[in-house]
Amino acid sequence: MSKVVLKRGEIAFTQGEDGDHFYVVDKGSVACFERRDGSEHETLVHTYNPGGTFGDLSIMYNTPRAATCRATTESRLYALPRKAFKVIVMKTTIEKRLHIKSLLQNVEIFKELKEHEFSKLADAMQEEAYEEGDVICRQGDVGQL
């Protein structure tokens, strides 16, 4: 990861460019603007403050930058190169899949599934968090697909 210092008004990247870095805002503020339909007018899409991250979509989907992002104050960012970002995302995805598969393999009704079926099921799972005392479902409730 490399440190990037931007002065107020300085651009991190421009809409249409290839995505080569993922950014984490450490200090300051970065606003992202989009030009639609070839218009010269920019529309504010989002403002990122310390702890905010941006630049991931063009890397993950291999598409040009969807917006121009510029510092609204003097800002310090940390930039992670495309290759490192992809390696981290892949590693995390694989670890999560293996963890979910190991949980599913202990569920009685899934005992007869084949390895590829566990993989498909693990990929389809979505994590939901509940606080102590939260109702997850009630007897008689209609199920949702």
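The values are calculated or read from the model by the stated rules, or taken from the named source; none is laboratory data. Source: prediction; values computed, not measured. Glycine gets a Cβ as well: all are built from the backbone with ideal geometry, and neighbour counts include every protein chain shown. Accessible surface areas use protein heavy atoms only, side chains included; no ligands, DNA or RNA. Shrake-Rupley method; radii C 1.70, N 1.55, O 1.52, S 1.80 Å.
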request  = Give me a count of the residues in the range 104-145 that are aliphatic (A, V, I, L, M), at pLDDT 90 or above and open to solvent by 100 Å² or more (accessible area, probe 1.4 Å).
outcome  = 1
remark   = When the range 18-42 is checked residue by residue, the ones that are over 22 Å from Phe85 (Cβ atoms) and either open to solvent by 50 Å² or more (accessible area, probe 1.4 Å) or of a type in the set (Phe, Trp, Tyr) (or both) are Phe33, Arg35, Arg36, Asp37, Gly38, Glu40, His41
key: In the range 1-17, the residues that are more than 21 Å from the chain's Cα centre (by Cα), open to solvent by less than 50 Å² (accessible area, probe 1.4 Å) and of a type in the set (A, V, I, L, M, F, W, C)   = Leu6
ask   = What residue, among those in the range 43-72 that are more than 15 Å from the chain's Cα centre (by Cα) and open to solvent by less than 60 Å² (accessible area, probe 1.4 Å), is nearest to Lys7 (Cα to Cα)?
value = Ala71
key: Near pairs, Cβ below 6 angstrom, 6+ apart or cross-chain, from the range 93-110 (under 17 Å from Met60 (Cβ atoms)) to any residue that is open to solvent by less than 90 Å² (accessible area, probe 1.4 Å) and not polar (S, T, N, Q)   = Arg97/Ala122
request  = Being touching a helix residue (DSSP H, G or I) at 6+ places or on another chain (Cβ under 7 Å) and among the charged types (D, E, K, R) is the filter; apply it to the range 87-103 and report the residue that is least open to solvent (accessible area, probe 1.4 Å).
outcome  = Lys101
